[in-house]
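Structure first, commentary second.
The values are calculated or read from the model by the stated rules, or taken from the named source; none is laboratory data. Just so it is clear, the structure is predicted and the values come from calculations on it, not from any experiment. Here the Cβ positions follow ideal geometry from the backbone for every residue, glycine too, while neighbour counts run over all protein chains shown.
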Amino acid sequence: MSRVRLCLLVAALVALPVTAHAQWKPVEKVETYAISGQSGPELYRSIGENGPNVGVARAIAHTNFKLTWTRDYQARAGACVLVSAKPKLIITYTLPSPTSPLPSAVQKNWEVFLAGVSAHEKVHGATIVDMVRKIEAATVGLTVADDPKCSKIRSEMTKRLSALSQAQRQASRDFDRVELGPGGNLQKLILALVNGG
């Protein structure tokens, strides 16, 4: 390879954009809870009796997550810098599952209902992933002066993370309110299952 071509190749490599954060993907798992019934109303009643507890009521389905981090804090000239942060995110979707085969007409309605509920929960999952990406952006590169033991940086991060976590929770509540409200997608799915339409 000529020297000119080698220089051009090196220059092209130097010009490539550097990604600030390592690429990662969440682990997504589906767990089910048992319900019984041979009609739409029976299935929905069983969901109400057996669905996951979320506060004061039971839900049709639920999305939960576990988030842990591997963080590299480095002391530099008396300051502390968060050089990198790699998340490990496990998202678990809990969905209803009939314990016995359903009559064919009910099975078709059930499949539509379950697909819609699953899609709804995936939106919750996407907001969680978005929150984790925002945490990365808000913390990687964070520098706290006069922190050679990297202790002050942690309280600064807690402030930033609290706001991001609360914003994600509020977005999730707002989404549920619309979906379960009059004319909302989940409300339509429930009515179609119960009314057999």
Boolean, ALA75 is modelled with pLDDT under 95, surrounded by fewer than 18 Cβ atoms within 10 Å (Cβ to Cβ), of a type in the set (Gly, Ala, Ser) and part of a helix (DSSP H, G or I):
no
Return the total of residues in the stretch 86-121 being under 15 Å from ASN195 (Cα atoms) and in contact with a strand residue (DSSP E or B) (Cβ under 8 Å, 6 or more places away or on another chain).
1
Checking the condition free of Cβ contacts under 8 Å to residues at least 24 places away in the same chain and closer than 17 Å to ILE47 by Cβ, which residue from LEU191, LEU186 passes?
LEU191
Given (1) over 18 Å from CYS80 (Cβ atoms); (2) at pLDDT 90 or above, number of the condition GLY197 does not satisfy
(2)
Need the failing condition index for TYR73 against (1) among the aromatic types (Phe, Trp, Tyr); (2) within 23 Å of the chain's Cα centre (by Cα); (3) farther than 24 Å from GLU42 by Cα, just the number.
(2)
In this structure, is SER104 free of Cβ contacts under 8 Å to residues at least 24 places away in the same chain and not acidic (Asp, Glu)?
yes
Top-ranked residue of the stretch 78-91 - restricted to ones that are β-branched (Val, Ile, Thr) and surrounded by 18 or more Cβ atoms within 10 Å (Cβ to Cβ), ranked as farthest from ALA61 (Cα to Cα)
VAL81
Regarding ALA22, is this residue surrounded by 10 or more Cβ atoms within 10 Å (Cβ to Cβ) and at pLDDT below 95?
yes
Candidate set from the stretch 56-70 (those that are touching a residue at least 60 places away in the same chain (Cβ under 8 Å) and in a strand (DSSP E or B)); member that is nearest to ARG45 (Cα to Cα)
THR63
